[in-house]
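Accompanying notes for the structure given below.
Taken together, the values in this text are just the output of simple stated rules run on the coordinates, not laboratory data. From a predicted model like this one, the values you see are computed outputs, not experimental measurements. Heads up, the Cβs are rebuilt from the backbone with ideal geometry, glycines too, and the neighbour counts pull from every protein chain shown.
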Amino acid sequence: MKQLQIIAANTVEWQDVDMPQPGLGEVLIKVDAVTTCPHWDLHMMSGEPMFPGARVDYPLTPGQPGHEIVGNVVEVGSGVEDLYVGARVAAWRDRGANVRLGGYAQFVPFAVDSLLEVNTDLAPQSIASLELAMCVQVTFDRLRQFDLLKGKRIAVGGMGPAGLIAVQLARAWGADFVIAVDPVADRRERALQLGVDVAVEPKDGPFAEAAGGPVDVAVDCAGAKDSVEFLMGHTRGAVALFGVLRDDVAYGWQQWRSKVDILGYGSHNRDAAERALALIEDGRLDLSCVVTHELPLSDYAAGVELLASQQALKVCFLPNA
């Protein structure tokens, strides 16, 4: 079979290797599709760490950083009772760095407790990004915990893949009014196609006019200082932070006086993945809208360039094409 390996910054190999075998508690998956996690892919290819204070050590483990996969079980390892040969599965979580093989490969051994069986009628682009949907659902579970969704007016900042999922989750979990915020016109248009009430640039005048004043809740999916501070300035309740922040954000007198709360991120968990999957399977959450390009996995470098040039939101790679 073939696997991808990033061996140095901006250098990848499409390698011939022996077929892997599933270990204890694992199944072997024939990967139909694997979608990019843009920040991971761009950072791992460029040599810049994903998180402050981290480092990138080359060569990466083969198949990394691929983790958003969907495929079919072709072999069952010992100790596996919940899955079977022929089952359609998608990964609900990234297994982290300590694995034999990441998801950028034609066949991948995968721990059963990191997989969910999925509807066979779903197209690969509609389910491969389940792990991202789980991640965003974690933030919405925190909002649900404090009764900050049903009947509320919600703004979502950043219409990248996470933001486009977030506006759908806001509606699915009962938000009364959803406003998408992004400086890029094309991304605002994508949000409008998903049924948000209004999409605006992060500017005081247009936002105030469109929203009719501060919103109840905001979700930042950009991970940028300016985005978070803009949302804090136009929210009278809570601002939930989904995007990975790399810079300090100013919270001062004005935010304190306005009683703006900040909600940090929660923990990845299977329950959130199952809630997201239920929304996908009943049609209330469309993941295909975040996939803008489809390529053979052997064209990985070209796909990452599409991400870097902002021509693509997410690329769906087909390992067996």
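Dividing the Cα radius of gyration of the chain by 2.2 N^0.38 Å, with N the residue count, gives 1.01. Taking the charge dipole of the chain about its Cα centre, with +1 at Lys and Arg Cβ atoms and -1 at Asp and Glu Cβ atoms, the residue from Ser267, Val34, Val217 reaching farthest to the positive side is Val217.
Dividing the mean sequence gap of close Cα pairs (under 8 Å, 6+ apart) by how many residues the chain holds gives a relative contact order of 18 percent.
Using only side-chain charges placed at the Cβ, +1 for Lys and Arg and -1 for Asp and Glu, the dipole size of the stretch 132-263 relative to its Cα centre rounds to 300 debye. Panel order for Phe177, Phe140, by other beta carbons found within 10 Å of each beta carbon, from fewest to most: Phe177, Phe140. Rg/Rh for the stretch 132-263 (Cα atoms only, Rh after Kirkwood) is 0.92. Would you mind telling me which residue in Ala308, Ala133, Ala218 has the biggest mean-square fluctuation in a Gaussian network model of the chain, where springs connect alpha carbons within a distance under 10 angstrom? Largest GNM mean-square fluctuation: Ala308. Bridges between two residues of the chain, per DSSP, are antiparallel at a rate of about 55%. Determine which aspartates and glutamates satisfy two conditions relative to Lys152: a Cα distance under 12 Å, and not lying fewer than 8 residues away in the same chain. Within reach: Asp176, Asp216.
Relative to the longest principal axis of the Cα atoms of the chain, the long axis of helix 161-172 lies at roughly 60 degrees.
Panel values: the stretch 2-64, Kirkwood radius from alpha carbon pairs, Stokes-Einstein at 37 °C and 0.692 mPa s, translational diffusion coefficient 246 µm²/s.
Only Lys, Arg, Asp and Glu carry charge here, each on its Cβ (+1 for the first two, -1 for the last two); on that basis the stretch 63-137 has a dipole of about 220 debye about its Cα centre. As a proxy for reagent exposure, ranking Tyr300, Tyr104 by other Cβ atoms within 10 Å from fewest up yields Tyr300, Tyr104. Neighbours of Leu164 by Cβ distance under 13 Å: Lys/Arg scored +1, Asp/Glu scored -1, total +1. Compactness of the stretch 273-321 is given as radius of gyration and Dmax, 13.3, 35 Å, from Cα positions.
Here the dipole of the chain is about 740 debye; that uses its Cα centre as origin and unit charges on the Cβ of Lys and Arg (positive) and Asp and Glu (negative). Dividing the mean sequence gap of close Cα pairs (under 8 Å, 6+ apart) by how many residues the stretch 132-263 holds gives a relative contact order of 22 percent. Between Glu294 and Ala8, the contour length at 0.36 nm per residue exceeds the Cα-Cα span by 100.5 nm.
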